[in-house]
Amino acid sequence: MIRTASLMLAAALLPASPALAYGQFGHHTIGRIAVANVSPATAARVRALLAQQRALATPKCTARTIEEASVWPDCVRGRYALRFGYSSPWHYQTLDICGTFDLKAACANGNCVSAQIDRDVKLLQAKDTPLAERVQALVFLVHFVGDMHMPLHSGSHNDSGGNALRAAYGDYAPERLNLHSIWDGQLAERAITDGPEMVRRYTAAEAAPIQAGTTADWSRESYDIARTIAYPSATDDKPCVAPAGRAKLDNETIVRLVPVQRRQIERAGLRLARLLDEAFSG
């Protein structure tokens with residue numbers, strides 16, 4: 001009970017921002033799944049590049065490990081806002097769940113998470129990318145793959161990806177809790193800890209079908225989860241109608257959502273592993 005209360009408090013204190021996905025625990029887990037599933041050569045190159053993290057010149061936001069790298073892009077938007085504020089739109093690509101999926105419109109001028117993922121892979125593949133840009137591309141990639149798999153970074157309905165939709169998590173309902181922060185925090189934490197260990201080496205048969213597809217495919221998948229699961233589950237199956245009061249995920253609904261959240265975190269980790277192998281294959 002004490003641990004659960006502590007986790008809830010920690011999640012509630014996270015900033016309610018449309019560019020913060022999965023909190024630290026979720027991002028750390030995604031990064032660790034990825035490292036456990038890349039080739040030995042890729043793992044060595046990731047470690048070697050992170051060993052050069054001082055090139056980022058962000059001593060208040062370090063990226064010495066995959067865990068630190070996974071949250072570095074959120075850290076610098078706060079502590080180094082003057083230098084990295086431009087990157088805020090890169091963390092999401094919110095499309096209206098009551099409209100149509102138009103990734104091209106959501107990614108004008110490359111200012112969206114899926115476009116930046118593709119860009120980061122290319123920067124890592126290019127032989128002439130300067131060291132600082134190479135390290136930055138790696139930490140952005142690790143973080144953005146997690147962001148893209150958070151459904152409320154792809155689907156929204158006039159509420160900044162659920163940030164403006166106040167919601168209760170079972171009987172837990174502090175004033176600042178909202179649908180976005182629930183998926184970031186409480187639901188992600190429960191999903192990761194409720195079930196078998198997620199950080200492990202997956203078999204080829206397990207990983208291959210998950211790793212298939214493109215960033216556009218994965219974006220649509222995340223959007224569809226927001227449209228058909230995340231919003232309906234909190235709004236009595238009326239996602240396009242503003243709730244009269246506070247939205248709520250009751251305990252039965254939370255149990256149903258745990259496997260959905262686990263699957264997204266697993267997908268993010270294994271797909272990140274594929275992209276890292278592709279980025280460092282040359």
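Return the residue satisfying two criteria in turn: it lies in region 80-97 and is more than 30 Å from residue 59 (Cα to Cα) and in a loop (DSSP other than H, G, I, E, B), and of such residues it is nearest to the chain's Cα centre (by Cα). Give the derivation first.
Just the residues of region 80-97 that are more than 30 Å from residue 59 (Cα to Cα), to begin with: 94-97.
Next, only the ones that are in a loop (DSSP other than H, G, I, E, B) stay: 94, 97.
On the way: 94: 13, 97: 18 Å.
Within region 80-97, the match that is nearest to the chain's Cα centre (by Cα) is 94.
Which of the residues that make up region 157-171 are of a type outside the set (Asp, Glu) and either in contact with a Phe, Trp or Tyr (Cβ under 6 Å, 6 or more places away or on another chain) or part of a loop (DSSP other than H, G, I, E, B) (or both)?
Filtering region 157-171 for residues of a type outside the set (Asp, Glu) gives 157-158, 160-170.
Within region 157-171, 157, 158, 160, 161, 162, 163, 164, 165, 170 qualify.
For residues that are acidic (Asp, Glu) and modelled with pLDDT of 95 or more, scanning just region 190-207, find the one that is surrounded by the most Cβ atoms within 10 Å (Cβ to Cβ). First the steps, then the outcome.
Filtering region 190-207 down to residues acidic (Asp, Glu) leaves 194, 197, 206.
Filter once more, so that each one left must be modelled with pLDDT of 95 or more: 197, 206.
On the way: 197: 7, 206: 14.
The qualifying residue surrounded by the most Cβ atoms within 10 Å (Cβ to Cβ) is 206.
Count, please, the residues in region 104-143 that happen to be part of a helix (DSSP H, G or I) and modelled with pLDDT of 95 or more.
Residues flagged as part of a helix (DSSP H, G or I) and modelled with pLDDT of 95 or more within region 104-143 amount to 26.
Can you name every residue in region 44-63 that is surrounded by 13 or more Cβ atoms within 10 Å (Cβ to Cβ) and touching a residue at least 12 places away in the same chain (Cβ under 8 Å)?
Of region 44-63, the ones surrounded by 13 or more Cβ atoms within 10 Å (Cβ to Cβ) are 45-47, 49-50, 52-56, 58, 61-63.
Matches in region 44-63: 45, 46, 49, 50, 52, 53, 55, 56, 58, 61, 63.
Working only within region 158-172, note down all residues that are crowded, with 18+ Cβ neighbours inside 10 Å and among the charged types (D, E, K, R).
Within region 158-172, 159, 166 meet the criteria.
Could you tell me which numbered condition residue 100 fails, if it satisfies all but one of (1) of a type in the set (Val, Ile, Thr); (2) open to solvent by less than 20 Å² (accessible area, probe 1.4 Å); (3) in a loop (DSSP other than H, G, I, E, B)?
(2)
The values are calculated or read from the model by the stated rules, or taken from the named source; none is laboratory data. All figures in this text were calculated on a predicted structure; none of them were measured in a lab. When we count neighbours, we look across all protein chains shown, and the Cβ atoms used for this are built from the backbone with ideal geometry, even at glycine. For the accessible areas, the whole protein counts, side chains as well, though only heavy atoms, and no ligand, DNA or RNA atoms are used. Shrake-Rupley method; radii C 1.70, N 1.55, O 1.52, S 1.80 Å.
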